[in-house]
Amino acid sequence: MNKTVIYAVMTVLILLSSACGQKAVTGTSVWIDVPVNNLVLAELQPVLIEGHAASPGGISRVDVFIDGSLLTTIQDPAGQDELAGFSAAWTPDQPGTYVIQTVAYGKDGSASEPDNTAITIGGVVDAVTQDVTVTPSFTPVISITPDISITPTVTDTPTATPTKASTPTKTSTPVPEPLIEFWADPAEIAAGGCTYLRWNAVNVSTVVFGGVEQPFSGSDQECTCEDRTYTLKVTLLNGTNVERSASVNVNSSCVTEVPPDTTPPPVPSPQVPANGLSISCKASQSLAWLPVSDASKIREYQVEIQRSSDNSSWSAAPGSPKTGLTDKTTSIPVECGWYYRWRVRAVDGVGNVSDWSGWSTFVINLS
């Protein structure tokens, strides 16, 4: 059966299931519909990732990871009420076994437990063989003598005449013109209000906002008490890096009449890679955690990383601890055959420090 038909049938079954005997959704959850776990594909080919997520107030976004590295973020996935569907295309660059992981975020900021599925993709080398057949032609010469004896003379004359192949004329293919749009919606807000930074890019290589690679079309909510200018970084198809800016104008100012803040911020929780995950050999690994909020804002996150050769004796990993992190993710160098564990804490705008999160472990395999 055609793969597209299979995906369509599975999606219809999921929607029918949610429509019959529908119950109130509690918490935020996500699940991968396709590819199914332990799927094996004989050839290296594009992979369609599809799934669903649910949360009481609806889904704000879904993050998709390949072997712990962020592939894409799907903002405001389409759906009905609490249930939303999502899809993403991924083309592996080499054969191997990969772990696909998804994390969903509800409108209320809650995060789901990650859902994982493994897929094995093999490689096929195409061989093209050209058969060339040379057919000789011959002309028999027959002499007839009075005693009716026949002496044939056969002359084998090949008719194939080699000809020099013509050289095609090379023509250059023009690089399509890029289209980059970046704007604030709305561009003017009241102090402490929120706006959406939206972008749309066509005929480009990568799009980066907030230090994270983004889909070519997306958005991000930002709340501010003062005028701000945001930057979108884009890499064109020819490798050139360009930037686009969007400004937000703020009316009045935020007035806060509260006692000094002495309360530590909430404890962040590690999300990616999932605790106990086994990852194929690689040189670096992304770490991501669920961000927290605080009345005095969050000034930075701090991450401590340890490693062990036997999953017993732990020591500080190179580059640990990492401080001054203002985003929800960072990348660390790793070595194959080592066990790693890490934890994270938050520091608010007036210096209050949260407790450390629990340790989250993963292992980088030798192959």
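Each row is one residue, and each column tells you yes or no for (1) within 16 Å of Q285 (Cα to Cα); (2) at pLDDT below 95; (3) within 26 Å of the chain's Cα centre (by Cα).
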| position | (1), (2), (3) |
| --- | --- |
| P318 | yes, yes, no |
| P321 | yes, yes, no |
| Y340 | yes, no, yes |
| S360 | yes, no, yes |
| S367 | yes, yes, yes |
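With the condition kept exactly as written, say whether any residue in the stretch 34-43 is at pLDDT below 95 and among the acidic types (D, E).
yes
When you go through (1) surrounded by fewer than 16 Cβ atoms within 10 Å (Cβ to Cβ); (2) not assigned by TED's automatic domain parsing to the domain that holds W199 one by one for S296, which number turns out not to apply?
(1)
Would you mind telling me which numbered condition in (1) touching a residue at least 60 places away in the same chain (Cβ under 8 Å); (2) closer than 17 Å to T229 by Cβ; (3) among the small types (G, A, S) G192 fails?
(2)
Among the residues of the stretch 348-355, are any in contact with a Leu (Cβ under 8 Å, 6 or more places away or on another chain), part of a loop (DSSP other than H, G, I, E, B) and not assigned by TED's automatic domain parsing to the domain that holds V99?
no
Return the total of residues in the stretch 277-316 being closer than 30 Å to P95 by Cβ, in a loop (DSSP other than H, G, I, E, B) and touching a residue at least 60 places away in the same chain (Cβ under 8 Å).
3
Anything in the stretch 302-351 that is touching a Lys or Arg at 6+ places or on another chain (Cβ under 6 Å) and of a type in the set (A, V, I, L, M, F, W, C)? List them, or say none.
Residues satisfying the conditions are V303, A317, W338, V347.
Answer yes or no as to whether A274 is in contact (Cβ under 8 Å) with a residue 40 or more places away in the chain, surrounded by 12 or more Cβ atoms within 10 Å (Cβ to Cβ) and under 14 Å from S360 (Cβ atoms).
The answer is yes for A274.
Please verify whether V40 is more than 13 Å from the chain's Cα centre (by Cα), in a strand (DSSP E or B) and touching a residue at least 24 places away in the same chain (Cβ under 8 Å), treating the condition exactly as stated.
In short, yes.
Take the residues of the stretch 51-100 that are charged (D, E, K, R), surrounded by 18 or more Cβ atoms within 10 Å (Cβ to Cβ) and closer than 28 Å to I364 by Cα: which is modelled with the highest pLDDT?
In this case the residue turns out to be D63.
May I ask you to list the residues in the stretch 73-89 that are more than 13 Å from the chain's Cα centre (by Cα) and of a type in the set (A, V, I, L, M)?
Of everything in the stretch 73-89, those that are more than 13 Å from the chain's Cα centre (by Cα) and of a type in the set (A, V, I, L, M) turn out to be A78, L83, A84.
The values are calculated or read from the model by the stated rules, or taken from the named source; none is laboratory data. Remember, predicted model here, so these are calculated numbers, not experimental data. As a convention, Cβ positions derive from the backbone with ideal geometry for all residues, glycine included, and neighbour counts pool all protein chains shown.
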